[in-house]
Every structure is written in structure tokens, then in C-alpha cells.
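**Q** Provided herewith is a single structure, encoded as C-alpha cells, for subsequent inquiry.
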Amino acid sequence: MHDQPKYIPLRPSTFFDDGRSARPLVDGTVARGHLNADAAFYTGKGPDGKPLDAFPFPVTQEIVERGQERFNIYCAPCHGRLGYGDGMIVRRGFRRPPSYHMDRLRTAPNGYLYDVIAKGFGAMPDYAAQIEPADRWPLWSTFERSS
């Protein structure tokens, strides 16, 4: 039992002809629960690759409340509860994020903000692991923005 043969991913192996221990995925393989067929919902971008401005679902009171809840948990520590970039982290000496009330962000398409949550921007890390796609959209429904 002390010496058990096993294949560690990405380690070489003599078992297969190609010398790899891991098998490549079959073309078209989709992990269970990750079909993500609605590209607009899962990327924030339209068919042309540009960020969408419209939400991919109707914005209801429940969506706004969920967005406020998620914002207070994930965004407010840096951006502040009102979105001015004066959160508790900034007061502790970390880099100040931009205010959501500046014209550049007030007029940015919602899909752009969705993308920033998913991939990060500047000093902001990505929050893809912490905030699932269904919760990325509601975050921006909490701010009344001019278009």
C-alpha cells in the first residue's frame, strides 16, 4: 500500500503513446453545469463582441435588492457603500478605486462592468470565483446611471 501507482495530471507517462498521463478532452466537451449557451448572460458581450448596455433579463425589485446585498458584501469594502471609492480598505491605506459617479463609469455599458467583475481591471482582481454570473448583473442595477 505504501507504493501505489498513480498518474498525476500533466506528468509524463509511458502508458500512453503520446507520453502524457492526462487524456485530452473530446472536442465539444462541456463540463456538467457549465453549458453557458447564453453568451450575452455569461460574457456581458453581444454577438459583435462589444459590451451590452441592456440587462439580459428584466430588472425587478428582487434583482435590485439582491444586487445591493452582493454589492455590500463584495464591492463596498473598497468602493464604499455609496460607490465613491472611499471604502474601509482605502481608509486602511490601500489604493483608491475610481468612483462609480464619474462620467466614464456612469456612461459605461453594463456589460463592461460585468466584464470587470469577471476579469478584474487595474489593481482590482477578478471576482469570477466569488460572484457567480447571475449575481454580476444585479450589482449594477443598484446604481441609477445616466446613459
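**Q** Looking at the range 91-125, which of its residues are closer than 13 Å to residue 45 by Cβ and free of Cβ contacts under 8 Å to residues at least 24 places away in the same chain?
**A** 116, 119
**Q** Filter the range 94-135 down to the residues that are part of a loop (DSSP other than H, G, I, E, B) and among the acidic types (Asp, Glu), then identify the one that is surrounded by the fewest Cβ atoms within 10 Å (Cβ to Cβ).
**A** Top of the filtered list is 132.
**Q** With the condition kept exactly as written, say whether any residue in the range 19-34 is within 30 Å of residue 142 (Cα to Cα) and free of Cβ contacts under 8 Å to residues at least 24 places away in the same chain.
**A** Within the range 19-34, one or more residues are within 30 Å of residue 142 (Cα to Cα) and free of Cβ contacts under 8 Å to residues at least 24 places away in the same chain.
**Q** Which ranges mark the helices (runs of 4 or more DSSP H) fully within the range 17-90 that have 3 or more residues being open to solvent by 60 Å² or more (accessible area, probe 1.4 Å), farther than 18 Å from residue 116 by Cβ and modelled with pLDDT of 90 or more?
**A** The helices (runs of 4 or more DSSP H) meeting that bar are 61-70.
**Q** Further question on the same structure: Among what's in the range 4-16 and is touching a Phe, Trp or Tyr at 6+ places or on another chain (Cβ under 8 Å) and either of a type in the set (Ser, Thr, Tyr) or not in a loop (DSSP other than H, G, I, E, B) (or both), pick the residue that is surrounded by the most Cβ atoms within 10 Å (Cβ to Cβ).
**A** Per the stated criteria, the residue is 7.
The values are calculated or read from the model by the stated rules, or taken from the named source; none is laboratory data. Here the structure is a predicted model, which is why all the values come from computation and not from measurement. Every residue, glycine among them, receives a Cβ derived from its backbone with ideal geometry; neighbour counts consider all protein chains shown. Heads up: the accessible areas ignore ligands, DNA and RNA and are worked out on the full protein's heavy atoms, side chains in. Shrake-Rupley method; radii C 1.70, N 1.55, O 1.52, S 1.80 Å.
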